[in-house]
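Just so it is clear, none of the values below were taken in a lab; they were calculated from the coordinates. None of these values were measured; they are calculated from a predicted model. Using ideal geometry, Cβ is built from the backbone for each residue, glycine included, and neighbour counts are taken over all protein chains shown.
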2 protein chains.
Amino acid sequence: MDMPNRVEFREEGVREGFQIEKRLYPLADRVRLVEALAETGLRHIQVASFVSPKAVPNMADSAEFFAAIRKKPGVAYTALWLNEKGFWRALESPGVDMQARLALYASSEFALRNNGCSAAEMARRQRDWMAAYAKAGVQVETLSVLAAFGCNFEGDVDPARSVEAARIAEDLCREAGYGIPKIMLADTMGWANPAAIKRVVGAVREAVPTARVGLHLHDTRGLGGANVLAGLMMGVDLFDSSVAGLGGCPFSNPGDTTAAGNVCTEDMVFMCHEMGIETDVDLEALIECAHLAEAIIGRRLNGHLLRSGSLARFREAKAMALQA
Amino acid sequence: MDMPNRVEFREEGVREGFQIEKRLYPLADRVRLVEALAETGLRHIQVASFVSPKAVPNMADSAEFFAAIRKKPGVAYTALWLNEKGFWRALESPGVDMQARLALYASSEFALRNNGCSAAEMARRQRDWMAAYAKAGVQVETLSVLAAFGCNFEGDVDPARSVEAARIAEDLCREAGYGIPKIMLADTMGWANPAAIKRVVGAVREAVPTARVGLHLHDTRGLGGANVLAGLMMGVDLFDSSVAGLGGCPFSNPGDTTAAGNVCTEDMVFMCHEMGIETDVDLEALIECAHLAEAIIGRRLNGHLLRSGSLARFREAKAMALQA
């Protein structure tokens with residue numbers, strides 16, 4: 001197995017988790033969760049999105065949310081936006097670590113539903129995004145390729161679509177005078193499988209060899225962990241994930257926010273550690289965050305270590321017994 | 001990826017699932033679930049165990065259970081036992097397809113708790129089992145190596161223990177005049193990870209190259225799917241699994257029967273099919289069985305396709321749209 005020595009998890013549970021909930025949650029609870037996550041060693045926490053408060057009521061107070069967080073040095077507190085207006089709102093909000101991204105759709109049908117425009121129009125709009133980023137003096141950090149593995153509205157998606165998206169983004173960045181640093185392939189609606197991970201990651205890497213390719217995976221159909229493993233075996237060292245398995249695409253299981261969301265950060269950190277892969281994350285502290293998330297959300301969440309714990313306590317008991 | 005073309009899933013959800021429940025369930029419901037499972041293409045259904053009814057009240061009526069099932073030709077309806085007495089009870093029960101197994105423990109502490117004897121004593125008892133099997137005219141089909149990857153009571157378990165168990169079983173079968181056909185490595189308490197799967201499967205295969213090595217995996221810590229994938233990539237083509245993710249070792253999450261159980265049959269069948277691996281199982285019919293299991297158990301079960309469904313309906317809609 002040709003796996004990386006160190007893997008980075010970008011925590012998206014707060015943004016992904018609360019965005020799909022119908023109930024509104026107190027700001028203080030969400031702040032507490034972000035602050036606890038920042039103590040675990042996670043370096044990248046996606047806090048909230050700047051999107052229409054009508055579409056996503058839980059994101060109406062994103063600016064206040066960012067302002068309320070006591071920041072830990074070395075941790076990036078990032079935001080998501082789906083259009084230029086959202087970008088400017090994020091930029092004007094104190095406390096947002098601006099990590100600019102491009103967003104392209106591998107499925108046009110999904111672009112229509114999620115973004116209100118075709119995939120081609122979304123690609124065109126990326127020129128405006130680039131202009132806005134240049135004006136604001138920020139460089140693109142990431143390209144997100146949405147629905148890269150399949151789409152409930154368009155069916156199976158050809159890896160060529162992800163390659164095309166990667167090339168568009170590469171061209172835009174080249175015109176701006178820099179290379180594209182990261183490409184996140186998103187399995188937005190849970191269509192990926194390990195063989196597809198290998199195909200799409202391989203195709204995108206071949207097309208844009210200078211970019212770091214990461215994965216944004218959902219556990220919709222129970223293959224999240226296997227898909228992470230397939231990524232690791234391709235040398236992928238960057239994953240988006242959610243504490244306690246929070247989140248989920250509202251298009252995947254409409255109306256059922258209790259269905260599986262993103263791959264679960266602590267379960268995947270555990271997998272890495274068990275295989276000798278470093279993450280710089282304190283797993284036990286992260287499991288505590290998962291319990292906190294569950295207490296805040298107020299129902300059973302999908303992470304496994306939430307129920308079983310890690311193996312640390314058994315190993316410690318064994319070590320103590322051997323000493324005695 | 002060097003994966004098999006065809007994989008066999010042995011369904012253990014009925015035995016694994018009901019054995020850990022505190023409530024008793026009507027015989028008719030359990031019979032209905034077994035009969036539905038037999039219609040999906042699964043060829044091997046573990047129905048019940050012949051163990052102490054005091055220890056496992058839900059297995060008190062195992063003989064009646066087997067007798068009540070309308071059998072489908074080509075499907076094996078098998079039983080589990082942990083001692084000779086259980087074997088004779090199974091043999092005397094009409095309708096049990098006798099698939100004799102040896103059972104060895106990779107962890108002695110777990111042997112004590114699960115079987116009331118040390119691993120060494122359990123190994124010694126296998127001679128008596130062999131004598132009983134010979135007397136009954138049945139050949140050993142399978143060796144189960146319990147706690148092959150780790151143990152809550154003994155900590156990490158050396159692959160050498162599984163190799164030792166495999167060699168003991170091979171010797172016993174050789175003395176009886178035949179080879180050992182299958183070795184099931186069981187991750188009874190959820191300690192396995194993909195790298196460990198590779199290590200232990202590799203070590204056992206090297207020691208006993210003539211045996212077919214299979215995996216009995218639990219999803220206790222969320223690595224079930226990744227561990228199945230690791231097995232597939234080692235060419236493993238035999239897995240125990242449970243419909244709807246039923247089951248779980250009572251020692252893993254004591255008192256919490258809602259925690260993750262065995263790897264979920266329909267989710268893993270889905271993974272295989274998506275990667276072009278045949279299982280001979282009708283996935284949609286199996287998902288219906290998972291819904292039936294959930295209705296019978298009477299609470300939310302852990303399988304993912306139960307919530308999201310497979311991808312078939314999206315692909316069919318797409319195909320119809322293309323025709324229109």
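Between amide H atoms placed 1.01 Å from N, distances below 5 Å from A:Asp240 occur with A:Arg10, A:Leu215, A:His216, A:Leu217, all of them 5 or more places distant or on a separate chain. The H on the amide N of A:Ala103, modeled in the peptide plane, is under 5 Å from the matching H of A:Ser144, each at least 5 residues off or on a different chain. Secondary-structure-derived ellipticity at 222 nm for the protein assembly as shown, considering helices only, amounts to -13500 deg cm²/dmol, per-run term -39500 (n - 2.57) for DSSP H runs with n ≥ 4. Look at B:Thr210, B:Thr78 and count the other Cβ atoms within 10 Å of each Cβ; fewest to most, that gives B:Thr210, B:Thr78. Beta bridges per DSSP, both residues in the range B:8-323: antiparallel share near 10 percent.
Note on the protein assembly as shown: Kirkwood hydrodynamic radius from all Cα pairs is 25.7 Å, rounded to one decimal. Subtracting the Cα-Cα distance of A:Glu206 and A:Lys72 from their residue separation scaled by 0.36 nm leaves 44.5 nm.
In this structure, the amide hydrogen of B:Phe153, modeled 1.01 Å from its nitrogen in the peptide plane, lies closer than 5 angstrom to no residue at least 5 positions away or on a different chain.
In terms of other Cβ atoms within 10 Å, A:Arg313, A:Arg212, B:Arg30 run from fewest to most in the order A:Arg313, A:Arg212, B:Arg30. Rounded to the nearest 20, the size of the Cβ-charge dipole of the range A:8-323 about its Cα centre is 340 debye, with Lys and Arg at +1 and Asp and Glu at -1. Taking trypsin sites (Lys or Arg not before Pro) across the range B:44-124, the ones in a DSSP loop with at most 13 further Cβ atoms lying within 10 angstrom of their Cβ are B:Lys54, B:Arg70. Within the protein assembly as shown, antiparallel bridges make up roughly 10 percent of the DSSP beta bridges whose residues both belong there. Find the centroid of the Cα atoms in the range B:149-197 and in the range B:1-67, then give the distance between the two in whole Å. After rounding, the separation between the Cα centres reads 23 Å. Quick check on the range A:183-234: take the gyration tensor over C-alpha atoms, sort the square-rooted eigenvalues as a ≥ b ≥ c, and tell me if it's rounded (a/c under 1.5), prolate or oblate. Judged from the Cα gyration tensor, the range A:183-234 comes out prolate (a/c at least 1.5, a/b above b/c).
Cβ crowding within 10 Å, taken as a proxy for footprinting-reagent exposure, orders B:Arg6, B:Arg221 from fewest neighbours to most as B:Arg6, B:Arg221. Relative to the other identical copies, B:Gly202 shows label-point distances of 2.1 nm, where the label point lies 7 Å from Cα along the Cβ direction and values run shortest first. With q set to 0.17, 0.22, 0.23 Å⁻¹, the log10 of I(q)/I(0) for the range A:10-99, from the Debye formula over equal scatterers at the Cα positions, is -0.63, -1.08, -1.18. Computed from the Kirkwood radius of its Cα pairs, the Stokes-Einstein diffusion coefficient for chain B at 10 °C and 1.306 mPa s stands at 80 µm²/s.
Estimated from the Cβ-Cβ distance and a Förster radius of 22 angstrom, the FRET efficiency linking B:Lys22 and B:Ser52 is about 0.85. Between this copy and the others, label points of B:Arg167 are 5.8 nm apart in ascending order, each placed 7 angstrom from Cα in the Cβ direction.
In this structure, the pairs whose alpha-carbon distance is over 25 Å, taken from B:Lys135/B:Lys182; A:Lys72/A:Lys198; A:Lys318/B:Lys85; A:Lys135/A:Lys182; A:Lys54/B:Lys318, are A:Lys72/A:Lys198; A:Lys318/B:Lys85; A:Lys54/B:Lys318. Between the listed residues A:Val140, A:Ala63, A:Pro73, the Cα displaced farthest toward the positive end of the dipole of the range A:63-201, a dipole computed from Cβ unit charges relative to the Cα centre, is found at A:Pro73. The modelled label-to-label distance between A:Ala319 and B:Lys198, using points 7 Å beyond Cα along the C-beta direction, is 2.6 nm. Between the range A:211-237 and the range B:74-106, the C-alpha centres lie 40 angstrom from each other. Taken along the Cα-to-beta-carbon direction at a fixed 7 Å, the label points for A:Arg167 and A:Asp128 span 2.5 nm. Spread over its residues, the convex hull of the C-alpha atoms of the range B:100-232 is 92 Å³ per residue.
Counting from the shortest, the label point at A:Asp2, 7 Å from Cα toward Cβ, is 1.5 nm from the same position in each remaining copy.
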